[in-house]
Amino acid sequence: RSVGIYFYGIIAMQKILVTGGAGFIGSNLCEALLGEGHEVRCLDNFATGKIENLLPLLQQYPERFRLIVGDIRNPEDCRRAVEGMEYVLHEAALGSVPRSVNDPATTNEVNISGFLNMLIASRDAGIRRFVYAASSSTYGNSESLPKVEEIIGRPLSPYAVTKYVNELYADVFARTYGMETIGLRYFNVFGRRQDPFGAYAAVIPLFVKQLMRHESPVINGDGEYSRDFTYIDNVVQMNMLALTTQNPEAVNQVYNTAFGERTTLNELVEYLKEFLSEYDAEIAGVEILHGPNRVGDIPHSLACIDKAKRLLGYKPCYSMRDGLREAVKWYWENI
């Protein structure tokens, strides 16, 4: 599963910091970068990340992979993490709309104050390029489909507010201090290492876990809400392209990071039952339940990825179904 073909822009070994590198997306980025021969440093406080995601990498790449246990809310930890680095992939954040609704203050501290700390530390350290995880939640109540980067609505949750503020700060730092920044608006990313446990598990790993236990998944609403579910390897490709692009027009931009197709929650569950029943036939008969809609949820999400294709050369390799089959296989073998 090499992503080497995507990382053609950087040939020599580079020094790259991945914040939140013990998390689902961050650990996949660390793995890809190390596989390409780069020196990688991870900053994580393990609030949501897991040391299990990093142990194989620490063992396999003892000379090129270093872990710093620290918090982006602490400016000194940020300074220590960027020291001697050349690039930053900023993945550290508190995700989850429901979590932000329940605890907006902590979401704000991590996602806004922590983001600003990392920008300042990166500016002061002379980081060449700062690539950060933005979010499709920024589109808020905009009803236009597909979502194009230049048209957004009003945020519908504290989490969405924080991710929009990230984009504003990155733009200001680019204009004011001459930094190179690129934001990637992730659309419902899924795949290996996404945690199915915990109060704020994302829908795909949560449903996989429940179906494997023959428990009935509960779909919020009638199940006709739709999402642009995006497999992790497409997201890794986008990060690599953002890191390496030599196109001056591509820098200091924000990009949708998605596959460009939407799937309803009802369709999602049927796909999961189809793929999981290949391992356990009884899963095909598990009943699906429906509950109320979730506060802060948008009805439909679909990305236009033309800008990423045009400026970055993005070519997503995994459709939703192809990625889901890979993810199901991983979950079956690992949980």
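Quick one: which residue in ARG325, ARG310 is without any contact (Cβ under 8 Å) to a residue 60 or more places away in the chain, in contact with a helix residue (DSSP H, G or I) (Cβ under 6 Å, 6 or more places away or on another chain), among the charged types (D, E, K, R) and open to solvent by 30 Å² or more (accessible area, probe 1.4 Å)?
Values: ARG310 fails: in contact with a helix residue (DSSP H, G or I) (Cβ under 6 Å, 6 or more places away or on another chain).
Checking each option against the conditions leaves just ARG325.
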**OP:** Pick out, from the range 28-136, the helices (runs of 4 or more DSSP H) lying fully within it that include 3 or more residues that are in contact (Cβ under 8 Å) with a residue 40 or more places away in the chain.
**Re:** 75-82, 97-102, 104-108, 114-125
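Looking only at the range 140-171, how many residues end up being among the hydrophobic types (A, V, I, L, M, F, W, C) and not in a loop (DSSP other than H, G, I, E, B)? Spell out how you get there, then give the answer.
To start, the set of residues in the range 140-171 that are among the hydrophobic types (A, V, I, L, M, F, W, C) comprises 145, 148, 151-152, 156, 160-161, 165, 168, 170.
Filter once more, keeping what is not in a loop (DSSP other than H, G, I, E, B): 160-161, 165, 168, 170.
The number of residues fulfilling the criteria is 5.
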Subject >> Count of the range 227-282 residues which are open to solvent by 10 Å² or more (accessible area, probe 1.4 Å), touching a Ser or Thr at 6+ places or on another chain (Cβ under 8 Å) and of a type in the set (A, V, I, L, M, F, W, C) >> reply: 3
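Yes/no matrix, rows are residues, columns are (1) under 15 Å from the mean Cα position of the chain (by Cα); (2) within 30 Å of ALA32 (Cα to Cα); (3) among the hydroxyl-bearing types (Ser, Thr, Tyr):
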position: PRO205; (1), (2), (3): yes, yes, no
position: LYS209; (1), (2), (3): no, yes, no
position: GLU215; (1), (2), (3): no, no, no
position: ASP222; (1), (2), (3): no, no, no
position: VAL235; (1), (2), (3): yes, yes, no
position: MET238; (1), (2), (3): yes, yes, no
position: THR245; (1), (2), (3): no, yes, yes
position: VAL251; (1), (2), (3): no, yes, no
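Restricted to the range 132-190, and to residues that are of a type in the set (S, T, N, Q), over 13 Å from ALA303 (Cβ atoms) and surrounded by fewer than 20 Cβ atoms within 10 Å (Cβ to Cβ), which residue is farthest from the chain's Cα centre (by Cα)?
So the first thing to find is which residues in the range 132-190 are of a type in the set (S, T, N, Q), and the list is 135-138, 141-142, 144, 157, 162, 166, 176, 181, 188.
Subset that is over 13 Å from ALA303 (Cβ atoms): 141, 157, 162, 166, 176, 181.
Adding the requirement that they be surrounded by fewer than 20 Cβ atoms within 10 Å (Cβ to Cβ) leaves 141, 176.
Details: ASN141: 21, THR176: 27 Å.
Filtering the range 132-190 for residues that are of a type in the set (S, T, N, Q), over 13 Å from ALA303 (Cβ atoms) and surrounded by fewer than 20 Cβ atoms within 10 Å (Cβ to Cβ), the one farthest from the chain's Cα centre (by Cα) comes out as THR176.
So is PHE197 open to solvent by 40 Å² or more (accessible area, probe 1.4 Å), of a type outside the set (D, E, K, R) and within 15 Å of ALA308 (Cβ to Cβ) or not? Before the answer, list the steps.
Details: open to solvent by 40 Å² or more (accessible area, probe 1.4 Å): yes; of a type outside the set (D, E, K, R): yes; within 15 Å of ALA308 (Cβ to Cβ): no.
Spelling it out, it is not the case that PHE197 is open to solvent by 40 Å² or more (accessible area, probe 1.4 Å), of a type outside the set (D, E, K, R) and within 15 Å of ALA308 (Cβ to Cβ).
The values are calculated or read from the model by the stated rules, or taken from the named source; none is laboratory data. The model shown is predicted, which means the values in this text are computed figures rather than measured ones. With ideal geometry, Cβ positions are generated from the backbone for all residues, glycine too; neighbour counts draw on all protein chains shown. Keep in mind that these areas ignore ligands, DNA and RNA; they rest on the heavy atoms of the full protein, side chains included. Shrake-Rupley method; radii C 1.70, N 1.55, O 1.52, S 1.80 Å.
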